[in-house]
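K.L.:
Below is a structure I'd like to ask you about.
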Amino acid sequence: SIGETAFNSTVCALLAQTLGDLERFDQAETFVERSRALAAEDDFASQAAWRMGQARVLADREEFEEALRLADEAVEINERTDYLAWQGDGLEVRGMVLEAAGRGDDARGAFEGAVSRYERKGNVVAAARVRRRLEELVGDAAG
């Protein structure tokens, strides 16, 4: 009601990602759209985060080419910063999109990059989560 948009745009994008974790992709897209509308062009966090949220929505719809384009844009935005956790998040989403598209080898590389960023940051919880994804990916390839 006071016109604040910077914090709101980032929180909406983070909520979209959380809804994606819950596989509530239609709801996630509502918050992606809100984030995108509110995000300033120079707000790296919101610009990367809404792209990550939308990439997951599109991957769920099997629109892999557009999902990967957005995930790659998010990775590129994050790589221009020194925010290791955000870099890890972008690479994790890229891996999720690639895995959903059936590109396990490419997904593995993205997940390994995410683990590296999380470990450098000291985010042991996120690193462990992505390591589990890697183990599942290897298990699926072997099975």
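K.L.:
Could you tell me which of the residues ALA49, ALA59, ALA74 is at pLDDT 95 or above, open to solvent by less than 60 Å² (accessible area, probe 1.4 Å) and touching a Lys or Arg at 6+ places or on another chain (Cβ under 8 Å)?
P.N.:
ALA74
K.L.:
Which residues, counting only those in segment 77-96, are aliphatic (A, V, I, L, M), more than 14 Å from LEU134 (Cα to Cα) and buried (at least 19 other Cβ atoms within 10 Å of the Cβ)?
P.N.:
Here is the first cut: in segment 77-96, the residues aliphatic (A, V, I, L, M) are 77, 84-85, 91, 93, 96.
Now restrict to residues that are more than 14 Å from LEU134 (Cα to Cα): 77, 84-85.
Selection gives ILE77 alone.
K.L.:
Output yes when any residue across segment 57-79 is among the basic types (Lys, Arg) and in contact with a helix residue (DSSP H, G or I) (Cβ under 7 Å, 6 or more places away or on another chain), and no when none is.
P.N.:
If we filter segment 57-79 for residues that are among the basic types (Lys, Arg), which is where we start, we get 61, 69.
Okay, now just the ones that are also in contact with a helix residue (DSSP H, G or I) (Cβ under 7 Å, 6 or more places away or on another chain), so none.
No, there is no match, as no residue in segment 57-79 is among the basic types (Lys, Arg) and in contact with a helix residue (DSSP H, G or I) (Cβ under 7 Å, 6 or more places away or on another chain).
K.L.:
Being in contact with a Ser or Thr (Cβ under 8 Å, 6 or more places away or on another chain) and small (Gly, Ala, Ser) is the filter; apply it to segment 1-27 and report the residue that is most open to solvent (accessible area, probe 1.4 Å).
P.N.:
Filtering segment 1-27 for residues that are in contact with a Ser or Thr (Cβ under 8 Å, 6 or more places away or on another chain) and small (Gly, Ala, Ser), the one most open to solvent (accessible area, probe 1.4 Å) comes out as ALA6.
K.L.:
In addition: Can you give me the ranges of the helices (runs of 4 or more DSSP H) entirely in segment 67-143 with at least 1 residues that are β-branched (Val, Ile, Thr) and under 11 Å from MET52 (Cα atoms)? Lay out the reasoning, then the answer.
P.N.:
Values: elements: 84-100, 104-121, 124-142.
Hits in segment 67-143: 84-100.
The values are calculated or read from the model by the stated rules, or taken from the named source; none is laboratory data. No experiment lies behind these values; they were computed from the predicted model shown. No Cβ is skipped: glycine too gets one built from the backbone with ideal geometry, and neighbour counts run over all protein chains shown. SASA here: full protein model, heavy atoms, side chains in, ligands and nucleic acids out. Shrake-Rupley method; radii C 1.70, N 1.55, O 1.52, S 1.80 Å.
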